[in-house]
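The values are calculated or read from the model by the stated rules, or taken from the named source; none is laboratory data. A quick note: this is a predicted structure, and the numbers were derived from the prediction, not measured. All Cβ positions, even for glycine, are placed from backbone atoms using ideal geometry, and neighbour counts span all protein chains on display. Side chains included, ligands, DNA and RNA excluded: accessible areas come from the protein's heavy atoms. Shrake-Rupley method; radii C 1.70, N 1.55, O 1.52, S 1.80 Å.
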Amino acid sequence: MEIHDISKLELAIYFGLSIIINSFGNALTVALNLGSPLWTATCVNVSQTIHWSLGNIMVIWGALLITINTILIRKIDLKRIGKSIIFMVLFSYLVSWLSSILKHSLVMTMNLPMRILFDLFGICLVSLGVSMYQRVNWMLHPADDLMQIVRFKFFNGNSTKAMFAVYLPAIIIVAITFLISHQIVAINIGTIFGLLFQGPMIGICDRICFKRLKHHNLDH
């Protein structure tokens with residue numbers, strides 16, 4: 001079924017659910033500190049290095065990505081920028097708030113194997129959330145918008161190749177923070193799992209999860 005057969009109310013439900021799923025998945029990995037998605041882990045490392053709140057760092061990082069996205073699509077789309085800012089602010093502080101709550105939850109008292117499983121589950125939730133709101137495509141986090149642009153502009157829709165391309169700046173920033181602080185946080189087994197499987201998982205979710213959703217508005 002094509003996207004135009006889905007009502008706006010249904011799309012709104014999918015969109016709201018996708019943000020909740022993605023935010024919770026990211027927050028869970030931050031709280032467990034067993035490996036977050038690389039974008040989130042980058043912000044955590046910068047936050048720890050310069051001692052600013054995670055929410056503020058995620059907003060600043062998002063603003064930088066908005067600038068990069070604008071350059072890549074070669075036009076100043078004020079509507080698109082405005083939507084990215086709204087998404088970025090809501091998502092950033094939601095992740096920060098949820099992670100602070102989850103740090104005091106029962107999941108933190110579980111044994112290491114169980115906490116690893118929950119961390120990997122968090123990565124899977126992130127993949128599902130990203131797949132959902134990339135397909136709805138009303139508004140995206142700047143990081144996901146970057147992947148969307150690169151995925152369809154340079155890699156013919158291949159999510160795995162796009163993921164590795166857009167993660168390179170994040171890897172460089174983490175390396176810089178390590179040279180300054182001599183420590184790395186939020187990068188662990190979950191991050192490796194995400195690097196290896198998040199791109200393919202997004203592609204799988206595109207095909208098997210909420211099949212009524214199709215990619216649209218790909219005017220990049």
Original post:
How many residues does segment 193-215 hold that are surrounded by fewer than 13 Cβ atoms within 10 Å (Cβ to Cβ) and either assigned to a loop (DSSP other than H, G, I, E, B) or touching a residue at least 24 places away in the same chain (Cβ under 8 Å) (or both)?
Top reply: 1
Original post:
Exactly one of (1) at pLDDT 90 or above; (2) of a type in the set (F, W, Y); (3) closer than 15 Å to T42 by Cβ is unmet by F154. Its number?
Top reply: (3)
**OP:** May I ask you to verify whether S92 is polar (S, T, N, Q), under 15 Å from the mean Cα position of the chain (by Cα) and part of a loop (DSSP other than H, G, I, E, B)?
**Re:** no
Subject >> Subset tally (residues that are open to solvent by 60 Å² or more (accessible area, probe 1.4 Å) and either in contact with a His (Cβ under 7 Å, 6 or more places away or on another chain) or over 21 Å from F121 (Cα atoms) (or both)) for segment 170-192 >> reply: 9
**OP:** Being within 23 Å of S127 (Cα to Cα) and surrounded by 18 or more Cβ atoms within 10 Å (Cβ to Cβ) narrows it down to one of S23, S47, so name that one.
**Re:** S23
**OP:** Give S131, S99, S127 a once-over and let me know the one that is farther than 19 Å from F197 by Cβ, in contact (Cβ under 8 Å) with a residue 12 or more places away in the chain and assigned to a helix (DSSP H, G or I).
**Re:** S99
Subject >> Residue satisfying all of: in segment 141-169; of a type in the set (S, T, Y) and within 16 Å of S131 (Cα to Cα); surrounded by the fewest Cβ atoms within 10 Å (Cβ to Cβ) among these >> reply: T160
Original post:
Looking at I81, I76, I71, which is the one that is in a loop (DSSP other than H, G, I, E, B) and open to solvent by 10 Å² or more (accessible area, probe 1.4 Å)?
Top reply: I76
